[in-house]
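Can you read through this structure? Questions will come right after.
The numbers here are math on the coordinates, done by the rules we state, and not lab data. Values in this document were obtained by computation on a predicted structure and should not be read as measured data. Ideal geometry is used to build each Cβ from the backbone, glycine not excepted, and the neighbour counts take in all protein chains shown.
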Amino acid sequence: MNTVYMVGAGPGDPELITVKGQRIVNEADIIIYAGSLVNKAIIAGHKADAEIFNSASMTLDDVIAVIKRGTEEGKKIARVHTGDPSIYGAIREQMDRLDELGIPFDVIPGVSSFVASAAALKKEFTLPDVSQTVILTRLEGRTPVPEKEKLEDLASHQASMCIFLSVQMIDDVVARLMKHYAPTTPIAIIQRATWEDQKIVMGTLETIAQKVKDENITKTAQILVGDFLGDQYSLSKLYDPSFTHEYRQGVL
């Protein structure tokens with residue numbers, strides 16, 4: 001039985017899918033892709049006779065039915081997700097169903113929007129003496145968030161934070177963050193990171209909500225917050241001439 005491939009398509013720029021992911025998409029007999037989020041250029045090189053399904057209009061049962069039929073016919077199947085499928089990709093339920101059916105699968109990782117957003121800003125999440133921790137989270141919406149993972153509690157660490165799927169609730173996001181972050185903490189909103197129409201809005205916790213409303217940003221945006229967006233940090237020991245490690249003897 002052919003292996004089904006869960007492919008991370010990256011954040012938007014069609015050149016940011018992995019070489020392996022693009023090869024699998026181009027070779028696939030059946031492609032099921034998240035049409036509302038995945039750049040259509042990602043699947044533009046598909047085989048002439050490939051079957052293409054947009055999962056935006058499909059249920060879990062619909063997706064599994066297409067995969068089951070395809071594997072029974074001996075076809076190569078690419079299930080294409082935006083970003084990296086392990087982050088808010090809803091792939092666990094698909095993988096469990098495939099396990100139940102005895103259908104083998106592999107997961108091909110992709111570039112997530114949170115790292116694409118840091119690249120767009122030319123920032124580093126893990127600055128010495130600023131933050132060595134990155135928190136990925138979201139505000140509760142129709143999908144609940146466990147009580148122990150409330151945004152205001154995570155904010156107490158004052159780590160570098162990436163908030164998904166929440167820009168439409170920017171006022172609530174800011175109010176919760178300000179319980180622990182200073183009002184002057186830098187924050188950035190990156191809409192459609194790496195797409196041609198990418199938009200970046202920078203501000204502080206006390207100014208960002210109005211800026212987001214002025215730009216009419218209501219979806220497909222990443223929220224990055226923390227002092228890593230600032231300019232104060234210590235230099236890394238890795239390149240310190242006095243620091244000895246496995247590959248270099250330090251000079252006092």
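Determine, for E149, E196, the number of other Cβ atoms within 10 Å of each Cβ, and report the residues in order from fewest to most.
Values: E149 13, E196 8.
The order, fewest Cβ neighbours first, is E196, E149.
About the Cα centre, and with charges only on the beta carbon of Lys, Arg (+1) and Asp, Glu (-1), how big is the dipole of the range 113-229? Nearest 20 debye, please.
200 debye
Counting other beta carbons within 10 Å of each residue's own, what order do T184, T207, T220 fall into, fewest first?
T184, T207, T220
So if I place +1 on the C-beta of Lys and Arg and -1 on the C-beta of Asp and Glu, and nothing else carries charge, what would the dipole magnitude of the chain be about its Cα centre? I want it in debye, nearest 20.
Roughly 220 debye, rounded to the nearest 20.
Identify the trypsin sites (Lys or Arg not before Pro) of the range 6-66 meeting these criteria: DSSP loop state and at most 15 other C-beta atoms within 10 Å of the C-beta.
Loop-located and lightly packed - K47.
For the range 151-216, what ratio Rg/Rh do Cα atoms give with a Kirkwood hydrodynamic radius? Mind showing how you got there, number by number?
Values: Rg = 11.8 Å, Rh = 12.3 Å.
Rg/Rh: 0.96.
May I pose another question? For a quick check: with amide H placed at 1.01 Å from N, whose amide H comes under 5 Å from I108's, ignoring anything fewer than 5 positions away on the same chain?
Under 5 Å from the amide H of I108 lie the amide H atoms of M6, V7, G8, each far enough along the sequence or on another chain.
Give me R92, R192 sorted ascending by neighbouring Cβ count inside 10 Å, so fewest comes first.
R92, R192
Right, something else. Which loop GluC sites (Glu not before Pro) in the range 1-102, with loop taken from DSSP, have no more than 15 other Cβ atoms within 10 angstrom of their Cβ?
Passing both the DSSP loop test and the Cβ count: E73.
Taking springs between alpha-carbon atoms closer than 10 angstrom, which of I43, I17, I103 fluctuates most in the Gaussian network model of the chain?
I103
On to the next question. Using the Karplus curve 6.51 cos²θ - 1.76 cosθ + 1.60 with θ = phi - 60°, what ³J(HN,Hα) values do you get for each residue of the range 154-165, in whole Hz, with x for Gly and Pro?
Couplings: 5, 5, 5, 6, 6, 7, 5, 10, 10, 10, 8, 6 Hz.
Here is a follow-up. Of all DSSP beta bridges in the chain, what percent run antiparallel (nearest 5)?
40 percent
So what is the diffusion coefficient of the range 98-159 in µm² per second by Stokes-Einstein at 25 °C and 0.890 mPa s, using a Kirkwood Rh over Cα pairs? If you can, show how the numbers build up before the last one.
Details: Rh = 15.1 Å.
Value of D from the Cα-based Kirkwood radius: 163 µm²/s.
Report Rg (one decimal) and Dmax (nearest whole number) for the chain, counting Cα atoms only, units Å.
According to the Cα coordinates of the chain, Rg and Dmax are 20.9, 67 Å.
Considering only A48, A90, G102, whose Cα is most displaced toward the positive end of the charge dipole of the range 4-108, charges sitting on Cβ of Lys, Arg (+1) and Asp, Glu (-1)?
Looking along the dipole axis, the top candidate is A48.
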